[in-house]
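Worksheet: the structure to be examined is printed underneath.
The values are calculated or read from the model by the stated rules, or taken from the named source; none is laboratory data. Just so it is clear, the structure is predicted and the values come from calculations on it, not from any experiment. Here the Cβ positions follow ideal geometry from the backbone for every residue, glycine too, while neighbour counts run over all protein chains shown. Ligands, DNA and RNA are stripped out before the accessible areas are found, and what is left, the full protein with its side chains, is counted by its heavy atoms. Shrake-Rupley method; radii C 1.70, N 1.55, O 1.52, S 1.80 Å.
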Amino acid sequence: MSAESFEGGCTCRAVRYRMASKPLFVHCCHCRWCQRETGTAFALNAMIESDRVVVLKGEPELVNTPSNSGKGQVIARCPACRIALWSNYGGGGDRVRFVRVGTLDEPDNFPPDVHIFTTSKQPWVVLSHDKPICHEYYDSKKLWPEESLERRRAVFGK
């Protein structure tokens, strides 16, 4: 595990957490579901193994919500201010968390590695071409660094 760690939490500071390493990969998702959930143009999620997310203070409330895949997702929210801290998607269970980058104390550390579901991005969002832009999802074997793929195999056994 990396010696680097990154702390974050909700707006009212009732829930605090630490990511015990850099994330596997950072998605900037422009799908309509993420737009609706966040109330803005996209969601910025840092994918990381669940055992590398340590709750330091408080206890997030787990809220079951629908998702575009039909498998649903569980959103970890502060029970007081209701800020979404991370999600777990139906297909992966609680093995990988999608941490909301904006809840980190230093979100600048994690710009997107990829823009996904850009067919539904807001027309006024201008994307730089220095990161991959995908109309839908993508093949992680083609975009992820080898270290992240190894970490993923350790979690999912594939």
Exercise for the section: Over the chain, average the accessible area per residue using a 1.4 Å probe and give it in Å², no decimals. Expected result: 54 Å²
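So between residue 146 and residue 64, what do we pick up on full extension, going 0.36 nm a residue minus the alpha carbon distance?
Taking residue 146 through residue 64 to full extension adds about 26.3 nm, to one decimal.
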Practice task
Starting from the Cα-Cα distance between residue 95 and residue 55, subtract it from 0.36 nm times their residue separation and give me the gain in nm to one decimal.
Solution key: 12.9 nm
Practice task
Would you please give the residues with an amide H less than 5 Å from that of residue 21, counting only those at least 5 places away or on a separate chain, with H modeled from the backbone geometry?
Solution key: 6
Completion exercise
Karplus-derived 3J(HN,Hα) from phi for the range 135-152 (6.51 cos²θ - 1.76 cosθ + 1.60, θ = phi - 60°), whole Hz, x at Gly and Pro, runs 5, 10, 8, 8, 8, 4, 4, 8, 10, 6, x, 4, 4, 5, 4, 5, 4, 4
Problem - Accessible-area composition of the chain, carbon plus sulfur, in percent [1.4 Å probe] - result: 52 percent
Exercise for the section: Considering only protein heavy atoms, with the full assembly of protein chains and a 1.4 angstrom probe, order 17, 89 by accessible area, largest first. Expected result: 89, 17
Exercise for the section: Per DSSP H run of n ≥ 4, the term is -39500 (n - 2.57); total these for the chain, divide by its residue number, and report the mean residue ellipticity at 222 nm rounded to 500 deg cm²/dmol. Expected result: -3500 deg cm²/dmol
Completion exercise
The extension gain from residue 155 to residue 106, computed as 0.36 nm times the residue separation minus the Cα-Cα distance, is 15.0 nm
Handout entry: Pair residue 41, residue 129: separation of 7 Å Cα→Cβ label points (nm)
Key = 1.9 nm
Exercise for the section: Could you point to the label whose value was computed as Rg/Rh (Cα atoms, Kirkwood Rh) for the structure here, given [x] 0.94; [y] 0.97; [z] 1.11? Expected result: [x]
Exercise for the section: Filter the chymotrypsin sites (Phe, Trp or Tyr not before Pro) in the range 109-145 to those in DSSP coil with at most 13 other Cβ atoms within 10 Å of their Cβ, and list the result. Expected result: 124, 137
Practice task
Report, for the chain, the % of DSSP beta bridges that are antiparallel, rounded to 5.
Solution key: 90 percent
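Under a point-charge model restricted to the Cβ atoms of Lys and Arg (+1) and Asp and Glu (-1), what is the dipole moment magnitude of the range 1-136 relative to its Cα centre, in debye to the nearest 20?
Value, rounded to 20: 340 debye.
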Fill in the blank from the handout: Once amide hydrogens are built 1.01 Å from N within the peptide plane, the residues lying 5 or more places from residue 85 or on another chain with amide H under 5 Å from its amide H are 76, 77, 78
